[in-house]
Structures are given as C-alpha cells and as structure tokens.
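Working notes for the structure below.
The values are calculated or read from the model by the stated rules, or taken from the named source; none is laboratory data. Here the structure is a predicted model, which means the values were calculated and not measured. Counting neighbours? That spans all protein chains shown, and the Cβs are built from the backbone with ideal geometry, glycine included.
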C-alpha cells in the first residue's frame, strides 16, 4: 500500500480502535462527538479499503472478527508509536507529568506494590496512574502498557528488563490440617493429601521439587482450585489442604502462625518463580514519568532482596 493511501486510513484506524475499546458504535461516537451511523459508515469504508470484515454485527453485540483483531493489534502499535512521537517534543517527556499505565500480577499488586502507590502519587501530583491486575499473558504494545511487573524465570527477550528482586515459592498448611492429616516428609507423599492449586494451565497441578541431586515431579489433587492467591490462602488457613504461595504473599501468615511451612528443605519451581522484574518496551526516548516510576519502585522494593 502506498504511503498516501496509508495516511488516509490513519484516522479511520484510530476510530476503529476506539470502537473496539468502547464495545459499541454509540459509546465511541459520544467520545468522538459524531453519530453512530457516521462510525458505521467509517467501518464499512475501512473494511472495503482493507478487504476484510472487521466486525460481526448483531442486534445486541458488536463482535470483532479474527481479521479485525489482527488489524486492531497492528493499529495499536501504530497509535502507541504516535503517542511516543508526540511525547518527544512535549514537556511531559522531560517532566514528571502525564498518564502512566502499569500492570502487575494481582497477588504482587496487593501484597507488595500497593503500599508504595499512594506515596508515589503524592510525590508526583501531575502523574495520572492506571494500575491493571494482570495474571495472564499481556502484550505491552498492544495493550498500551508502559511497564509491567513479571514474576518469572523466563522474561520476554523483546523487552527491557529491570530486575527488582527474587521470589521463592513456599508450601504451607494450617496447623489444624497438619494435626488432622499429618506433616508430609517427602514430596511424593503429597499425592495422598488435599492440595490447593492455581488451575491456570494444564500443568498447575504438577508440582516440581528439587533438593541437591534429587528431583520429583508430583501430580497433586484436591477439592479446591482457584487462581486467586488470597482466596487460596483463606482455604489453606481453614484446613482445606496444602497450598503453594509466593514468599511475599505468605510471610505474614507464617509470622502469625496461621500456617506452617511444609517441606521447607525442598525448592519448588514453576513458571511463577524466579525474578521479580519490571519489563518495558525498548525506546530511545523514555518519558521522565516512566523513568521516574521505574527508579522509584526499584528503590522502594530494594528491601525484598
């Protein structure tokens, strides 16, 4: 496609993104101060230009097609690049001002990041911060995220990484459960116990244990699986079984003796252990607000090391 034709499509692509984000022609039309019928004609024109169908239209819902999703993803890259280009020449590139979108796993957000958010916003009153709890896979460019906290031993090689600390996984049970069922002394004994697990992937019920040259991959089962750390912790406290937690999630419960460590001499590994790191897209011109946030949180979270 020639550049002249591409330039003509840019406003339509930007409007298309807004329609997808808002979920309807009516909501997007209000933001753009146009009529829904005008946006409907715009989409028809864009579909004709791209030779793809962007939406399945029903009387109740607007459903994006697979081709529409691909167009949306690529258009988001364009929009975010345009935002970055604008920021290079504006004051908010040099000053601590403007909007900042940060994503983090919910457990980390609640247990670690939350206490530092208010002080950061008070220190920098011109920043608008949007926090997103994100436990699944995210695409920083497509999703418009400036920086994401990741808990993993497999960081994205396409992003810049600033490691903050390490996180370990801890196996725990309540004193009541241990009194009823006994304390496991070897990983393989967990097959005879009730275990609470994440249930996000097909492998979350397989727990891997290491000690020196010994390795065991143990299939566990139980009556309660939940992809929410605090709900899983509540279940463990109430003697529903044995659960795995990040050390920063379980530390207070261990200190209060609500739970006790199980198999503490063994190392547990999964997709969710390893580095606590901030990852962000590679850019030659980093806005001051992003640099300031990264530096601030690195300093505040240094106690985790």
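Data overview
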{"read-out": "Subset of segment 118-132 (residues that are touching a strand residue (DSSP E or B) at 6+ places or on another chain (Cβ under 7 Å) and either surrounded by fewer than 18 Cβ atoms within 10 Å (Cβ to Cβ) or without any contact (Cβ under 8 Å) to a residue 24 or more places away in the chain (or both))", "value": "121, 128, 129, 130, 131, 132"}
{"read-out": "Residue within segment 49-63 that is in a helix (DSSP H, G or I), crowded, with 17+ Cβ neighbours inside 10 Å and touching a helix residue (DSSP H, G or I) at 6+ places or on another chain (Cβ under 9 Å) present", "value": "yes"}
{"read-out": "Residue within segment 184-193 that is more than 23 Å from residue 269 (Cα to Cα) and not in a helix (DSSP H, G or I) present", "value": "no"}
{"read-out": "Residue list for segment 79-105, restricted to those being assigned to a helix (DSSP H, G or I) and at pLDDT below 80", "value": "80, 81, 82, 83, 84, 85, 86, 87, 88, 91, 92, 93"}
{"read-out": "Qualifying residues in segment 215-232 (those that are within 24 Å of residue 180 (Cα to Cα) and assigned to a loop (DSSP other than H, G, I, E, B)) - the one nearest to the chain's Cα centre (by Cα)", "value": "226"}
{"read-out": "Segment 238-252, residues that are at pLDDT below 95 and either more than 11 Å from residue 171 (Cα to Cα) or over 28 Å from the mean Cα position of the chain (by Cα) (or both)", "value": "248, 249, 251, 252"}
{"read-out": "Residues located in segment 133-154, provided they are buried (at least 17 other Cβ atoms within 10 Å of the Cβ) and not in a loop (DSSP other than H, G, I, E, B)", "value": "147, 148, 149, 150, 151, 152"}
{"read-out": "Unique match (being within 21 Å of residue 189 (Cα to Cα) and touching a residue at least 40 places away in the same chain (Cβ under 8 Å)) among 239, 277, 225", "value": "239"}
{"read-out": "Given (1) touching a residue at least 60 places away in the same chain (Cβ under 8 Å); (2) assigned to a strand (DSSP E or B); (3) surrounded by fewer than 13 Cβ atoms within 10 Å (Cβ to Cβ), index of the condition residue 201 fails", "value": "(2)"}
{"read-out": "Qualifying positions in segment 239-259 - farther than 21 Å from residue 203 by Cβ and out of contact with any helix residue (DSSP H, G or I) (no Cβ under 6 Å at 6 or more places or on another chain)", "value": "240, 247, 250, 251, 252, 253, 254, 255, 256, 257"}
{"read-out": "Boolean, residue 235 is part of a strand (DSSP E or B), outside the structural domain of residue 147 (by the TED database) and either in contact with a helix residue (DSSP H, G or I) (Cβ under 9 Å, 6 or more places away or on another chain) or within 28 Å of residue 117 (Cβ to Cβ) (or both)", "value": "no"}
{"read-out": "Conditions (1) assigned to a helix (DSSP H, G or I); (2) in contact with a strand residue (DSSP E or B) (Cβ under 9 Å, 6 or more places away or on another chain); (3) without any contact (Cβ under 8 Å) to a residue 60 or more places away in the chain: number failed by residue 108", "value": "(3)"}
{"read-out": "Answer residue from segment 205-214, given it is outside any strand (DSSP E or B) and free of Cβ contacts under 8 Å to residues at least 12 places away in the same chain and is surrounded by the most Cβ atoms within 10 Å (Cβ to Cβ) among those", "value": "212"}
{"read-out": "Residues located in segment 50-77, provided they are more than 30 Å from the chain's Cα centre (by Cα), closer than 21 Å to residue 8 by Cβ and at pLDDT below 90", "value": "none"}
{"read-out": "Filter pass, residue 237 being surrounded by fewer than 16 Cβ atoms within 10 Å (Cβ to Cβ) and over 18 Å from residue 135 (Cβ atoms)", "value": "no"}
{"read-out": "Flag if residue 170 is touching a helix residue (DSSP H, G or I) at 6+ places or on another chain (Cβ under 6 Å), surrounded by 15 or more Cβ atoms within 10 Å (Cβ to Cβ), free of Cβ contacts under 8 Å to residues at least 40 places away in the same chain and within 30 Å of residue 265 (Cα to Cα)", "value": "no"}
{"read-out": "Test: residue in segment 269-281 that is touching a helix residue (DSSP H, G or I) at 6+ places or on another chain (Cβ under 6 Å), closer than 14 Å to residue 171 by Cβ and in a strand (DSSP E or B)", "value": "no"}
